[in-house]
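Here the structure is laid out as structure tokens; the discussion comes afterwards.
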Amino acid sequence: MDDEERARETFFAERDLDDVSVEELRERIAGLEAEIDRLKQAIEKKTAHLSAADAVFKR
């Protein structure tokens, strides 16, 4: 397992939330929502690039 795979496992790992405050949970949600927005923008950009390439090569 390489470093990238370990990082992904850590990123997506569930953690015990019993000892996390409500404010910390809200902060985590805000961070995750920001990451979701960033990922959606990346998808849109990649989709636009694929559409442009398809147009050039008339797929």
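Candidates 32, 17, 39, 50: the one that is more than 16 Å from the chain's Cα centre (by Cα) and in a helix (DSSP H, G or I) is 50.
Could you please find all residues in region 44-59 being of a type in the set (Val, Ile, Thr) and surrounded by 10 or more Cβ atoms within 10 Å (Cβ to Cβ)?
Of region 44-59, the ones of a type in the set (Val, Ile, Thr) are 47, 56.
Across region 44-59, the qualifying residue is only 47.
Scanning region 8-42 for residues that are loosely packed, with under 10 Cβ neighbours inside 10 Å, among the β-branched types (Val, Ile, Thr) and at pLDDT 90 or above yields a single hit, 22.
The values are calculated or read from the model by the stated rules, or taken from the named source; none is laboratory data. This is a predicted model, so every value here is computed, not measured. Glycine also receives a Cβ, built like all others from the backbone with ideal geometry; neighbour counts cover every protein chain displayed.
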